[in-house]
1. Compute the relative contact order of the chain as a whole-number percentage, counting only Cα pairs closer than 8 Å that sit 6 or more residues apart in sequence.
2. How far is the Cα center of the stretch 232-264 from the Cα center of the stretch 91-119, in Å?
3. With r as the distance between the Cβ atoms of L383 and L128 and R0 = 60 Å, compute the FRET efficiency 1/(1 + (r/R0)^6) and round to 0.05.
4. Would you calculate a helix-derived [θ] at 222 nm for the chain, using -39,500 (n - 2.57) for each DSSP H run of n ≥ 4 and dividing by the full residue count, to the nearest 500?
5. Let me see the pair-distance distribution of the stretch 126-171: every alpha carbon pair, 5 Å bin width, integer percents in order.
6. Subtracting the Cα-Cα distance from 0.36 nm times the residue separation, let me have the gained length for S236 to D465 in nm, one decimal.
7. Check each of the GluC sites (Glu not before Pro) in the stretch 216-274 and keep only those in coil by DSSP with at most 10 other C-beta atoms within 10 angstrom; list them in order.
8. Enumerate the aspartates and glutamates that K64 could reach by cross-link, defined here as Cα to Cα under 13 Å, with residues fewer than 8 away along the same chain left out.
Amino acid sequence: MNMTIRKSLLDLPLPKGGMIPSLAKRGEGRFSNYSRVVRYISLFFVGAISFLAVTGVSLATELKLAEGLKLAVEKSRQIKIAVYEERTAQADAAVDHARLLPAVNASFRGTALADQPAAIFGSNTVPLSQRDFLEYSLSIQHTLYDFEGNASRYAAGRMRANTKKLDTLRVRNFVAIEFALIFFDLLESQKMLAVADREVERLTAHMHNTRALLEEGSITRNDLLQAEVRLSDAQSRRISAINSRQLNVSRLNNILVRPLYTEINAVDVDFGTVSVTAMTLEQAWETAAGQRPELKIVAETMKSLDLDEAARRADYYPRFIVRGGYDFTENRYQVHEGNWSVILGMGINLYSGGSTRAELQKIEAQRSRLREQKEKVIEDIRLEVTRYILDAATARERLLVTKDAVLQSEENLRINRSRYEEGVGTATEVLDAVTLLTVAETNHYKALYDAKKAEAAVLYALGRDLTEVYQ
């Protein structure tokens, strides 16, 4: 769009003489020189873009797994939401902590009465206060003992804040594994596109070879038609590979909170084989049980329920308070306008409609539900660990098999090409060899990145921090 606008501006007709009349007196060729400079700059940018397009130089941002994980953790909206929830829980704990501290109150008010207060003593009228006066008050109240009610509420609030902190860690690990899997998907789609490019190149070379042999009269036209049809089919699959890669780029940009069409070139870095298949399933289950934040969240939540129960049971018992203050009222008819006071008090809720008992029943139901959730989480984690370990082992075995298959397919294609050029083999054998090599390369890269995705999933299932593993 910018290039179109610039061209239309340059093509506008100038007044006679090539200059705007108001500028003519400032210099005969100044505007024409400016126009010439703008044209040169435009031509430079057009040439630069054309050069990049012709030479195939990519303007995509290169991204490594470690760098991407760091960016994903920093910019993820899911993590930011979890952090805000964590801060909310911390603020709730601070509110609960405030109940353990004295409450300090101050007040001030002014009073204006229509009639001055007075009392009758026999035949005399005695004023009791001024008609207009001010009042000041300062008081401090503190709970001496409430059978650990407020202390239990504060401890439960801290437990809930710690639970939210663990949940932030859970979300962070989830975002990391989600990014890693999509990153490996992008790497795989890049390899699939390269495989499609090589297939098109091989079929194009075979088509040129058959055309040359046809012109020599060595083969029939049927061989050329077969090559053209196979090439068309390969080009169609290449288009699908391009679309698949672009979709994975968009998925990755979505996690990184970037525009979806920001071009990314994923760089494959070899971190070595992560030893995830060496341990037994029982060892893996024990490791996951000790490191997965989901189980830690359940444990912390169970503790907070115990503290909530203690806080509710404290409502059955009295609460002892102490209150001290100073009150001052402007009244010249009183002997002491200001007065200090100390109050010791006790309060107890004799009846509240059964709300305390209902709250205790609610907590017990929550505790029972949490026990069932804990067992389900353990079962789900064990199933997850088992599945990913088996996937990793299977992918590694497939990788060894497909690696040999690629070498064998390359040798098969070389032999069939030589036989065809010598007039011994057929075009069908060459086309089948090209297809066989493409299938072997496809299977190899699928096995390679299936193995990497399975290893990353095992690490996630064990509770490992992927940002520390992939550095």
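Values quoted throughout were computed directly from the atomic coordinates according to the rules given, and no laboratory measurement underlies them. It should be emphasised that the depicted structure is a prediction, and the values quoted were computed from it without experimental measurement. Counting neighbours? That spans all protein chains shown, and the Cβs are built from the backbone with ideal geometry, glycine included.
1. 21 percent
2. First find each Cα centre; the distance between them is then 65 Å.
3. Plugging the Cβ-Cβ distance into 1/(1 + (r/R0)^6) gives 0.15.
4. -23500 deg cm²/dmol
5. Binned Cα distances yield the sequence 5, 13, 11, 10, 9, 8, 8, 8, 6, 7, 6, 4, 3, 2, 1, 0.
6. 78.4 nm
7. none
8. Within reach: D268, D270.
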